[in-house]
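Report on the following structure.
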Amino acid sequence: MMLKSALFTLLSLSLLLAGEAKQYGKKLTLEKTTPIEAIDKAPESFVGKTVLVEGTVVDVCKKRGCWIKVVDDKSGSSLLVKVKDGEIVFPLEARGKTARVEGVFQKLESTMEETVEHAKKACKLEGKEFDPATVTKPDVSYRLKALGAVIK
Amino acid sequence: MAGCPPAFFFDMTFRNRLRQLHRDFGYFFFGMSVIFAVSGLAVNHIDDWNPNYDIRVKTGRLDSALSLAGPLPITQIARSIGLQDSVTGYVRSDRHRFMIFLGTNSLEIDTLRRTYRYEQVEERWLLHAFNRLHLNELKNGWVFFSDFFALGLFFMAVSGLFLNRGRNGLKGRGGWLALAGVLIPFIFVFLYLM
């Protein structure tokens with residue numbers, strides 16, 4: 001009887017904790033969120049700025065938990081959130097949950113060689129043949145370097 | 001000097017104590033050594049093989065009878081692919097894409113190309129737990145214990161030099177082997193990190 005009630009308490013507690021928000025990295029300092037759609041439309045104006053974004057986690061790095069992809073439910077705009085390996089580790093269970101992430105927005109410019117390498121790797125992953133003619137200019141990408149996040 | 005034990009008595013006692021401590025540390029840290037060795041191998045080769053999750057991907061085209069014009073018929077889509085998982089949520093992930101969450105599994109639908117990508121994820125829980133311990137994800141109390149383990153390793157490394165010394169100890173083969181073990185990491189530092 002005692003074992004049953006202990007198990008019940010443990011189960012209730014774990015269910016209660018499962019719905020709770022979990023903090024990763026530093027505590028969030030900003031209160032006002034910047035819509036991901038706004039960043040997606042004019043990324044250059046946000047480069048170097050610290051922003052707070054909110055969205056649904058659609059993908060998580062399955063090897064190191066070092067990045068998540070956050071999507072704005074209404075517009076479908078997405079943002080890649082990267083953390084320093086080991087500093088924050090996002091769990092796979094974050095998929096489908098809402099994330100509030102604060103970080104510095106960054107612009108990444110690849111060289112032509114790097115762009116070709118990336119394209120080759122992507123083709124290999126998809127099982128397609130790589131056509132060098134498809135790479136015409138160096139890649140430019142944007143991401144949020146996360147300082148802290150709350151996922152619930 | 002009557003009444004004083006000979007010098008070798010202190011040496012023997014010290015060595016015996018060292019041996020005893022070395023052995024006890026070895027027993028105590030057996031589990032930790034196994035965890036760090038196994039996860040060390042796993043993390044070293046993480047680019048070639050995912051030690052944390054077993055991921056299976058299934059792709060294909062959606063049933064032509066399914067209408068994607070209105071609200072996404074999630075249950076019908078899941079059923080047409082033959083999935084048994086229960087839907088835990090879904091979100092529009094791109095202009096023409098939807099991500100459907102099925103617990104830890106996911107199903108991505110491309111409404112324009114009428115294709116799907118189902119990702120089934122199974123956790124390799126023991127290896128994942130070892131890796132999380134090795135990479136110090138737990139922080140707090142775990143840091144103290146792993147610090148203790150690190151100090152224990154340091155003690156075992158140093159005490160190991162003086163236990164079974166052989167005929168010449170560090171002046172013979174032992175010294176050369178110890179030197180080689182120290183030089184190898186230094187060679188890598190000079191070649192790749194300087």
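Only the coordinates and a few stated rules stand behind these numbers; no lab work does. Given the structure is predicted, the values throughout are model-derived calculations rather than measurements. Because the Cβ atoms are built from the backbone with ideal geometry, glycine has one as well, and the counts that use them run over all protein chains shown.
Across chain B, Cα-Cα pairs more than 30 Å apart make up 54 percent of the total. Mind checking the angle between helix A:2-18 and chain A's longest principal axis? C-alpha axes, 0 to 90 degrees, to the nearest 10. Roughly 30 degrees, rounded to the nearest 10.
Toward the positive end of the charge dipole of the protein assembly as shown, with +1 on the Cβ of Lys and Arg and -1 on the Cβ of Asp and Glu, the farthest Cα among A:Ile68, B:Ile184, A:Pro132 is that of B:Ile184. Of the peptides B:178-191, B:24-37, the ranking by mean beta-carbon count within 10 Å, highest at the top, reads B:24-37, B:178-191.
Applying 1/(1 + (r/R0)^6) with R0 = 45 Å to the Cβ-Cβ distance of A:Met112 and B:Phe155 gives a FRET efficiency near 0.30.
Peptide B:89-102 shows a mean partner chain C-beta count of 5 within 10 Å per residue C-beta.
Simple point charges give the picture: +1 on the Cβ of Lys and Arg, -1 on the Cβ of Asp and Glu, and for segment B:53-123 a dipole about the Cα centre of about 400 debye. Model label points for B:Thr88 and B:Ile55, set 7 angstrom from Cα along the Cα-to-Cβ axis, are 1.7 nm apart. Residues whose amide H comes within less than 5 Å of that of B:Arg165, counting only those at least five positions distant or on another chain, are absent (H built at 1.01 Å from N in the peptide plane). Principal-axis analysis of the Cα atoms of chain B puts helix B:30-44 at an angle of about 50° to the longest axis. Hydrodynamic radius of chain A by the Kirkwood approach over all distinct alpha-carbon pairs: 17.5 Å. Remark: spin-label model distance B:Phe148-A:Glu54 equals 4.3 nm, labels positioned 7 Å along the Cα→Cβ axis. Of the residues B:Gly60, A:Thr29, B:Phe98, the one whose Cα sits farthest toward the positive end of the charge dipole of the protein assembly as shown, with +1 on the Cβ of Lys and Arg and -1 on the Cβ of Asp and Glu, is A:Thr29.
Shown is the FRET efficiency for B:Phe190 and A:Lys32, computed with R0 = 45 Å from the Cβ-Cβ distance and rounded to the nearest 0.05: 0.35.
For segment B:53-123, how big is the tail of P(r) above 18 Å, as a whole percent of Cα pairs? Tail fraction, whole percent: 31. Calculate the translational D of the protein assembly as shown in whole µm² s⁻¹ from Stokes-Einstein, where the hydrodynamic radius comes from the Kirkwood formula applied to all Cα pairs, the temperature is 37 °C and the viscosity 0.692 mPa s. Estimated diffusion coefficient is 131 µm²/s.
With both labels modelled 7 Å from their Cα along Cα-to-Cβ, the B:Arg124 to B:Phe30 distance reads 2.5 nm. If you plug the beta carbon distance of B:Phe162 and A:Leu80 into 1/(1 + (r/R0)^6) with R0 = 51 Å, you get a FRET efficiency near 0.45. Relative to the dominant Cα principal axis of chain A, helix A:112-126 is inclined by about 60°. Pairs exceeding 19 Å between alpha-carbon atoms, taken from A:Lys84/A:Lys121; A:Lys27/A:Lys107; A:Lys41/A:Lys74; A:Lys97/B:Lys139; A:Lys49/A:Lys82: A:Lys84/A:Lys121; A:Lys27/A:Lys107; A:Lys97/B:Lys139.
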